[in-house]
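Colleague: Sharing a structure with you now.
Nothing in this text is a laboratory measurement; each read-out follows from the coordinates by a stated rule. Remember, predicted model here, so these are calculated numbers, not experimental data. No Cβ is skipped: glycine too gets one built from the backbone with ideal geometry, and neighbour counts run over all protein chains shown.
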Amino acid sequence: MKGRAELRFPADDACRLAMALWPELDDDLHRGSVQLDQAGDALRLTICADDVVSLRAALNTWLRLTKIALEMEKV
């Protein structure tokens, strides 16, 4: 079973948030892929995975990374 999730994060400065997250795209996902797009004042994160377990793991990782980047933006 394949899985796909698309998340949008509104951000005051989506460009700065994207720049914080782009280096993480270099990490290789063994059973999936991640795409990061800036769409105006929002950031779109698309995660595709070969199975539900991989999708859950990738979602946990990227939600955590995004949360940290947003929190650091406030500091």
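Colleague: How many residues, within the stretch 8-31, are under 22 Å from ARG56 (Cβ atoms) and either polar (S, T, N, Q) or part of a loop (DSSP other than H, G, I, E, B) (or both)?
Modeller: Here the count works out to 5.
So that you can scan it fast, the table gives a plain yes or no per residue for (1) of a type in the set (A, V, I, L, M); (2) in contact with a helix residue (DSSP H, G or I) (Cβ under 6 Å, 6 or more places away or on another chain):
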site	(1), (2)
ALA14	yes, no
ALA18	yes, no
ASP26	no, no
GLN35	no, no
GLN38	no, yes
CYS48	no, no
VAL52	yes, no
ILE68	yes, no
LYS74	no, no
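Colleague: For the condition assigned to a strand (DSSP E or B) and of a type in the set (A, V, I, L, M), what is the one hit in VAL34, VAL53?
Modeller: When all the criteria are applied, what remains is VAL34.
Colleague: For the stretch 56-75, what are the residues that are over 13 Å from LEU21 (Cβ atoms) and either hydroxyl-bearing (Ser, Thr, Tyr) or assigned to a strand (DSSP E or B) (or both)?
Modeller: Residues satisfying the conditions do not exist here.
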